[in-house]
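Take a look at the structure set out below.
The values are calculated or read from the model by the stated rules, or taken from the named source; none is laboratory data. The shown structure was predicted, so the numbers you read here are calculated from the model rather than taken from an experiment. Reconstructed Cβ throughout: ideal geometry from the backbone, glycine too, with neighbour counts over all protein chains shown. Accessible surface areas use protein heavy atoms only, side chains included; no ligands, DNA or RNA. Shrake-Rupley method; radii C 1.70, N 1.55, O 1.52, S 1.80 Å.
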There are 2 protein chains.
Amino acid sequence: MDWLEKKLQYLEFLWYQYHMKIPVKNERGGPLNRQIYEGLRNDIVKGILPAGTRLLPSRALAEELGVSRNTVLFAYEQLAAEGLVETRTGAGTFVVQTLAAVRSERGSPREGADGMAEHLSAAAQRIVQTSASVTTEWDWRSAPVRYDFRHGEGGDERLSLRVWTRLLARRARSLSTDTLAHPSPAGAPALREELANYLARSRGVVCHPEQIVVTHGSQQVIDICMRLLVDPGDPVVVEEPHYRGYSMCLAASGAKVLRAPVDEQGIMVNVLKDVSRAKIACVTPSHQFPTGAVLSLARRMELLNWASQRGAVILEDDYDGEFRYAGRPIQCLQSLDHSGLVIYAGSASKMMFPSLRIGWAVVPESLVETFRQLRFLTDRISATLEQLAFADFIREGALDRHIRRIRKRQRRRRDALVEAVHRELGSRVELLGTSAGFHALLRLPDLASDRFPLLREACKQRNVGIHSALRHYDKAPAHMELVLGYASLSEENINAGIGRFREALDTIG
Amino acid sequence: MDWLEKKLQYLEFLWYQYHMKIPVKNERGGPLNRQIYEGLRNDIVKGILPAGTRLLPSRALAEELGVSRNTVLFAYEQLAAEGLVETRTGAGTFVVQTLAAVRSERGSPREGADGMAEHLSAAAQRIVQTSASVTTEWDWRSAPVRYDFRHGEGGDERLSLRVWTRLLARRARSLSTDTLAHPSPAGAPALREELANYLARSRGVVCHPEQIVVTHGSQQVIDICMRLLVDPGDPVVVEEPHYRGYSMCLAASGAKVLRAPVDEQGIMVNVLKDVSRAKIACVTPSHQFPTGAVLSLARRMELLNWASQRGAVILEDDYDGEFRYAGRPIQCLQSLDHSGLVIYAGSASKMMFPSLRIGWAVVPESLVETFRQLRFLTDRISATLEQLAFADFIREGALDRHIRRIRKRQRRRRDALVEAVHRELGSRVELLGTSAGFHALLRLPDLASDRFPLLREACKQRNVGIHSALRHYDKAPAHMELVLGYASLSEENINAGIGRFREALDTIG
């Protein structure tokens, strides 16, 4: 039989290839039976071995390939489990159907796409409507450029990764199944204890560990807050501009969005006087996103009064509060709040790296039980191993040391950015929000905001990545604003990148 | 000064204790300055060192303790960062306020608890109303007993943990920051690719990797499905009895819950004929939770027809489908569905251990983009390191081997349970749902369901943990039903546990 010979040659080829090139693993036959399985599966799916074809008896194939019969049998079993072949007693193993056939039977799966729109919930429909801004918000599909001033990353991923994997590995070695049992949806008690200490020490947060809920990052805190407090039509205050992650959750909740403008002292609380009712006000006091303004103490007190008079909850998003380079730190809203109205949110994304997925909320005692229940129904718990490793990290003082190291490095990068912008761009621009965090806002008063695509293209040609602040506005500003993230660029690259940026700027006006 | 001497003695004590008992770590002074810091902090918070107290100059304290001045300074700095002490130039370091004072100033934080109820969203209020069942649902606060027939755990946590930490550590070593950058909210492409292969091979799922969304477990799939499809008042079909995780999400969504009874063939689809409209039907075809029934092929086809006529989506929760001990596997609903109406949900909780937090949804192409957006606003992404480690696990065939090993062990435990129940309890009970999974349903036709607390107490005295199926019912059944989880008990303990259970049963009639 022709096909069988071809098949055998193919398998022999795989077999030799396996011995020649791939180091033999000590896992019992794993890769080998996988090679056999994949070779056969591929041919079945492609129709090279059509339905009805009888496979070589396992013993014969095993001899031919010089492998144990079990290895072949295992590959056959896998194909059978997948429904691609079938063993008829006494007759042998036969190809029954192909995945390709199954798929083509059903026609193009895209056909029904529009038909589902009517099935979506009102919340999902609102999300679809804002989907343009959602999918561009974090553009994970864009090709990398060398001098990419993207934001959203922490201080030093390489260092953070080394630290983190060491901690994980060590904790994993000492982990017992007892430690894994009965996890609490609020988070591992050991981590909540350490977070309470750490947040008191580094951010002035006053709380009991019971008020802390460990989450998968601060986005989860935002989403849970909205679900906890907001019904469709309820007024919610956000800063303008604001972090795009809020827009998505606001769309889902159906909130009526009230925008409070931001100046160099942060959110303009006096504008809120006319707002008689709001369920929640979302603010970034330690480093306004994206303008970088630090909310003044006077405004903090004013905001707390405003909220307390209206019974509004304040969501204090302290996304990079640890990284302050100049001036005295101002107490966080949570520590100034005497009415139990502030929900404090933080995460390890900036301290470590964003794909770590550890965040936390400090919730007033009156809300914490319901918050916890919402977290539980959302996705139950966070992974215990990671929580305990992070608790170790804090307990041993390693987090403090890590942050000091990152802060020192970031301060140099911040200085490099400030100098480079001053040197290259001078009075053509304003650079805001450089006293803290990992990004600054570059305002170009002479350039209309709709010229961004042109400037981005000119930058891209020079291997520079720039990111408009436009997407963080509900109402577009007249002039152009860029969010310059400098966390993942060396001082050298910051200098070179700003130089090239100036060249790009020169070409378009 | 009295307090100072006391303080110094205390610190000296800590110092000696440090040298005598605790192995010296190579981390620069970390534990030591932490001891000093904690000793002082503790006394400040407790009021032993009241506000206005001047601390010993750092140089003097360092000499007294025989440590470097930097070590003391670091402790003082930490206290200052926390706002507990303040350094006045030329005058020294003073205690400024105490956390206790700050806390007591605010009165009991519980005071405002009732005041917040009116602030909650309608969804949160519904959740509070169902909170009794929510908080008892997964009782992480109960004391452990030796023979605990609890369910919800996988086959062998010890083995799974060893496997998992080895994978994590290996992947961590080869992880680069590039791999971490730009994660997709749908999950790491490598993992989605492997999951598509695995699910095709082991569960007959027919899908492209683009249809897969990696989540933090199947609870997240349930929650996102409700948010995706259900508005308040919309009809949703659930099995009766059903997994409690649905009730919480249904309460949040405000759905009108339609209960479909279950018999030995699974959900009774003929009852649904009168249901003219439903947004979604939540089913557990491969091993009904908690009765353990396997949905017959005829019913599967009937259910798909029912859904397709009404445009209802089916959520197929395949929570332990890999673990089948008897009979031929039946194709999952997803593989039988030609209309793109089935959302398939699975997780690694049972294969590995519940606090791992990796799950997946296979979503029809018409819904996947919106599903992905909802996942993104919920908590953005899953941790990349863990996703890649799990992808390795599948690619190398290790997951298949692991599952075979667990299945073999579980089959023995299942057999032990069946034998022990037959031997000890005979015709007094019915044991259902033993053909798959990690739990069975024990029906006690002669015992009223309200006698459960009595039986639980009698069991507890014999070190046996039992769990009522009552919480999985919306309408309580007349007779008692227990969910017997046997995944974490050895055969010996299953035998002993059922023996003791019989004794407990005898005492109450």
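Observations on the structure shown:
- Unmet criterion (only one of (1) surrounded by 18 or more Cβ atoms within 10 Å (Cβ to Cβ); (2) farther than 24 Å from residue A:175 by Cβ) for residue B:232: (1)
- Check on residue B:423, under 27 Å from the mean Cα position of the chain (by Cα) and at pLDDT 90 or above: no
- Enumeration of residues in the range A:336-385 that are facing chain B (nearest Cβ under 7 Å) and of a type in the set (D, E, K, R): A:357, A:365, A:379, A:380
- Flag if residue B:409 is in contact (Cβ under 8 Å) with a residue 24 or more places away in the chain and under 30 Å from residue B:193 (Cα atoms): yes
- Conditions (1) among the hydrophobic types (A, V, I, L, M, F, W, C); (2) touching a His at 6+ places or on another chain (Cβ under 8 Å); (3) modelled with pLDDT under 90; number of the one not met by residue A:298: (2)
- Residue list for the range B:216-236, filter: under 19 Å from residue A:116 (Cα atoms), assigned to a helix (DSSP H, G or I) and facing chain A (nearest Cβ under 7 Å): B:223, B:227, B:228, B:229
- Given (1) under 21 Å from the mean Cα position of the chain (by Cα); (2) within 12 Å of chain A (Cβ to nearest Cβ), number of the condition residue B:406 does not satisfy: (2)
- Total residues in the range B:177-197 satisfying the condition of being under 15 Å from residue B:347 (Cα atoms) and either touching a Cys at 6+ places or on another chain (Cβ under 8 Å) or without any contact (Cβ under 8 Å) to a residue 12 or more places away in the chain (or both): the figure is 1.
- Any hit, the range B:462-479, residues being in contact with a Cys (Cβ under 8 Å, 6 or more places away or on another chain) and either in a helix (DSSP H, G or I) or more than 19 Å from residue B:293 (Cα to Cα) (or both): yes
- Hits in the range B:478-507 - residues which are open to solvent by 20 Å² or more (accessible area, probe 1.4 Å), more than 30 Å from residue B:160 (Cβ to Cβ) and touching a residue at least 24 places away in the same chain (Cβ under 8 Å): B:478, B:479, B:502, B:503, B:507
- In the range B:150-188, the residues that are among the aliphatic types (A, V, I, L, M) and either assigned to a loop (DSSP other than H, G, I, E, B) or crowded, with 18+ Cβ neighbours inside 10 Å (or both): B:161, B:163, B:167, B:168, B:172, B:175, B:180, B:181, B:186, B:188
- Annotation: of all residues in the range A:189-215 being part of a loop (DSSP other than H, G, I, E, B) and open to solvent by 10 Å² or more (accessible area, probe 1.4 Å), the one that is modelled with the highest pLDDT is A:208.
- Residue A:441 modelled with pLDDT of 95 or more, more than 30 Å from residue A:184 (Cβ to Cβ) and either within 14 Å of chain B (Cβ to nearest Cβ) or surrounded by 22 or more Cβ atoms within 10 Å (Cβ to Cβ) (or both): yes
- Residue within the range A:424-437 that is within 14 Å of another protein chain (Cβ to nearest Cβ), open to solvent by 30 Å² or more (accessible area, probe 1.4 Å) and in contact (Cβ under 8 Å) with a residue 60 or more places away in the chain present: no
- Residue count, the range B:142-182 (criterion: among the β-branched types (Val, Ile, Thr) and either at the interface with chain A (Cβ under 8 Å from one of its Cβ atoms) or in contact with an Asp or Glu (Cβ under 9 Å, 6 or more places away or on another chain) (or both)): 2
- Between B:440, B:416, B:458, the distinction of being on the phi < 0 side of the Ramachandran plot, in contact with an Asp or Glu (Cβ under 6 Å, 6 or more places away or on another chain) and either assigned to a loop (DSSP other than H, G, I, E, B) or of a type in the set (Gly, Ala, Ser) (or both) belongs to B:416 only.
One line per residue, one yes/no per condition, for (1) within 11 Å of chain A (Cβ to nearest Cβ); (2) touching a helix residue (DSSP H, G or I) at 6+ places or on another chain (Cβ under 6 Å); (3) in a strand (DSSP E or B); (4) open to solvent by 10 Å² or more (accessible area, probe 1.4 Å):
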{"site": "B:238", "(1), (2), (3), (4)": "no, yes, yes, no"}
{"site": "B:270", "(1), (2), (3), (4)": "no, no, no, yes"}
{"site": "B:273", "(1), (2), (3), (4)": "no, no, no, yes"}
{"site": "B:276", "(1), (2), (3), (4)": "no, no, no, yes"}
{"site": "B:295", "(1), (2), (3), (4)": "no, no, no, no"}
{"site": "B:298", "(1), (2), (3), (4)": "no, no, no, yes"}
